[in-house]
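The block underneath contains the structure these notes are about, expressed in structure tokens.
Nothing in this text is a laboratory measurement; each read-out follows from the coordinates by a stated rule. The structure presented is a predicted model; accordingly, all values stated were derived computationally and were not measured. Reconstructed Cβ throughout: ideal geometry from the backbone, glycine too, with neighbour counts over all protein chains shown.
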Amino acid sequence: MIKYRYMPIKKLCFFLFLMSAGSLIGQVTDPVISLSQVYKDYFKIGVAVSPRALKTDEAQLILSQFNSMTPENAMKMGPIHPQEELYNWAGGDSIAAFAQRNNLFLRGHTLCWHNQTPGWLFKTSTGDTVSKEVLLQRLHDHITTVVSRYKGIIYARDVVNEAISDKEDEFYRPSIWYRICGEEFIEKAFQYAHEADPNALLFYNDYNEINPVKREKIYTLVQNLKSKGIPIDGVGLQGHWSIYEPTAEVLETTMKRFSQLGVKVQITELDISVYKKEHGRRDRTPVDSLAVFSTEHETLQIERYKTCFDIFRKYKGVLTAVTFWNISDRNSWLDNFPVRGRKDYPLLFDKNLNPKKAFWPVVQFDQSEEK
Ligand code: GLA
């Protein structure tokens, strides 16, 4: 690794010139500056992966840039437990083996959610809705089996994902979990996970955490769980943001508020979309078809990434990991959400796996100011 911080300025300029020349002529440059190395005294730098990506040239980028992984889909309830008697371990196992082979931290995602959940979970054999007792028993069995399989391998887990409502006048999301079990499913999920692996760090994870109303609800939920003695170690802020938000002020307020909880904070699903944030799916319009990664998008994205990491660094200690949701602009879930087929460019590496301009202010900062 080249320690650019200690380079004489002329040499540094020449080196940066070489890096950008490499991307201009379309070569895949393996950037010698590594995010996870630069941030090793701050927090882990993670990335959401698919089993397939680990078999492509993206694997090398993961190893050079990140020290933690999250399975993007492979450990969700639907993919991993499609039928009551059937667990599909292939994807999760291959990601876990890659992490172990390469000494990467592994986050689990996610033990209980209302999306990507198998239909059988909520139905009796005659097709009726299950009772609360049966559903909690199934949740128990699912969590115990999945957590036990990766005990000692997964260091932290999203236990419950997105249980809070986006509506201002509603606290809990009226999901099928909530309709059948009430809020108790949340506590139970944490208890079951803790019983199966007492050493894994357990997180509540949610999005739109920069919204003041939702932020307070997430805060209250975690605080209530803590005060009831439920084993919860942290709050995961997904961080699906955009080049237009959050502002520095909003992000400061958000980080400050969550750091008052007295639990670990992680940014669990970071991406910075080049479009205005929309939380619901919608149809493509003629304007969407014209979308490109413009100079304006690029400039705003550089600024937003810089602002985020400038603020993240201030919270080192409380903030223990920042995980990007996908590896590079080659593939992102935002290519299909909220508008199916509209390409997005939300990450720090382009589709050729080269660092984008937004990468540089994230890794170049004055270390003396921060410590
Ligand atoms: C949520 C979930 C993630 C993922 C994203 C979209 O944030 O927590 O698992 O599904 O949506 O990829």
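Across region 167-253, counting alpha-carbon atoms alone, Rg and Dmax equal 14.5, 42 Å.
So for the chain: antiparallel DSSP bridges make up what percent, rounded to the nearest 5?
Numbers: 5 of 41 bridges.
Looking only at bridges with both residues in the chain, the antiparallel portion is about 10 percent.
Largest GNM mean-square fluctuation across Phe337, Phe105, Phe66, computed for the chain with C-alpha springs under 10 Å, falls on Phe337. Beyond 22 Å between alpha-carbons counts as too far, so tell me which of Lys167/Lys276; Lys132/Lys188; Lys167/Lys264 fall in that bin. Cα-Cα > 22 Å for Lys167/Lys264; rest within. Once the Cβ-Cβ distance of Lys55 and Glu168 is raised to the sixth power relative to R0 = 56 Å, the FRET efficiency obtained is 0.80.
Using helices alone, I'd like the mean residue ellipticity at 222 nm for the chain: each DSSP H run of four-plus residues gives -39500 (n - 2.57), total over residue count, nearest 500. Before the final figure, lay out the partial values.
Values: 14 runs with 142 residues, N = 371.
The helix-only estimate for the chain comes to -11500 deg cm²/dmol at 222 nm.
Overall form of region 104-230: oblate. Here a/c, set by the Cα gyration tensor axes a ≥ b ≥ c, is 1.5 or more, and a/b is not larger than b/c. Kirkwood radius for region 278-346, taken over all pairs of different Cα atoms as the inverse mean of 1/r, rounds to 14.1 Å.
Estimated at 0.36 nm per residue, the fully extended path between Ser148 and Asn224 surpasses their Cα-Cα distance by 24.7 nm. With the cut-off at under 18 Å, measuring from each backbone N in region 54-91 to a point 7 Å along the Cα-to-Cβ line of Arg138 picks out 76-88.
Look at the Cα gyration tensor of the chain: its axes a ≥ b ≥ c give a/c of at least 1.5 with a/b over b/c, and that counts as prolate. Neighbours of Ser148 by Cβ distance under 13 Å: Lys/Arg scored +1, Asp/Glu scored -1, total 0.
Taking a ≥ b ≥ c as the square roots of the Cα gyration tensor eigenvalues, with a/c under 1.5 meaning rounded and otherwise prolate when a/b beats b/c, else oblate, which class fits region 226-280? Walk me through the intermediate numbers first.
Working: a/c = 3.08, a/b = 1.97, b/c = 1.56.
In terms of gyration-tensor shape, prolate.
Among Leu290, Leu225, Leu139, which one shows the highest mean-square fluctuation when the chain is modelled as a Gaussian network with alpha-carbon springs under 10 Å? Of Leu290, Leu225, Leu139, the Gaussian network model singles out Leu290 as fluctuating most. Spin-label pair Glu184-Gln260: with each label point 7 Å from Cα along the Cα-Cβ axis, the two points sit 3.3 nm from one another.
With contacts taken as Cα pairs under 8 Å at a separation of at least 6 residues, the chain carries a relative contact order of 16 percent. Build a GNM of the chain with springs between Cα atoms under 10 Å apart, and of Thr323, Thr253, Thr307 the one that fluctuates most is Thr253.
Nothing charged except the Cβ atoms of Lys and Arg (+1) and of Asp and Glu (-1): what's the magnitude of the dipole of the chain about its Cα centre? Round to the nearest 20 debye.
Numbers: 47 positive and 45 negative charges, 163 e Å.
In total the dipole reaches around 780 debye.
Below 14 angstrom from the Cβ of Asp233, what's the summed charge of the other residues (Lys, Arg +1; Asp, Glu -1)? Within the 14 Å Cβ shell, the charges total +2.
What is the gain in length, in nm to one decimal, between Ser294 and Gln116 on full extension, counting 0.36 nm per residue of separation less the C-alpha to C-alpha distance?
On the way: separation 178, 0.36 × 178 = 64.08 nm, distance 3.35 nm.
Additional length available on full extension: 60.7 nm.
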